[in-house]
1. Any idea how many residues of segment 47-68 are within 16 Å of the ligand (Cβ to nearest atom), among the aliphatic types (A, V, I, L, M) and at pLDDT below 80?
2. Scan Ser25, Ser44, Ser39 and give me the residue that is on the phi < 0 side of the Ramachandran plot, open to solvent by less than 100 Å² (accessible area, probe 1.4 Å), at pLDDT below 75 and not charged (D, E, K, R).
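The values are calculated or read from the model by the stated rules, or taken from the named source; none is laboratory data. Please read these numbers as outputs of a predicted model, since none were measured by experiment. Every residue, glycine among them, receives a Cβ derived from its backbone with ideal geometry; neighbour counts consider all protein chains shown. The protein model used for the area step is the full one, side chains on, heavy atoms only, and it has no ligands, DNA or RNA in it. Shrake-Rupley method; radii C 1.70, N 1.55, O 1.52, S 1.80 Å.
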Amino acid sequence: MREEGLPLRGTPVRPLPHRNRVWTSGRACAEPGCITRISIYNRSQYCWVHEPLHYYVARGRKKAPQAA
Ligand SMILES: [Zn+2]
């Protein structure tokens, strides 16, 4: 098959894509004023402090410290 005359011939040759998607290192938390760096393995744009989703383990109610 000849492909002459095609205005576009697919994607140009690119270097090999990254094997592992490594998130840009040195990202800062998206929270204004927060300078916490986010791990490259953390997909969130927030640091663990400002991450909207918190998966905390519910361990029952914390008992208020009783004055003993
Ligand atoms: Zn933060």
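1. From segment 47-68, those within 16 Å of the ligand (Cβ to nearest atom) are 47-54; that's our starting set.
Filter again for among the aliphatic types (A, V, I, L, M), leaving 49, 53.
Okay, now just the ones that are also at pLDDT below 80, so 53.
Adding up the residues that qualify gives 1.
2. Values: Ser44 fails: at pLDDT below 75; Ser39 fails: at pLDDT below 75.
Step by step, each of Ser25, Ser44, Ser39 is checked, and only Ser25 is on the phi < 0 side of the Ramachandran plot, open to solvent by less than 100 Å² (accessible area, probe 1.4 Å), at pLDDT below 75 and not charged (D, E, K, R).
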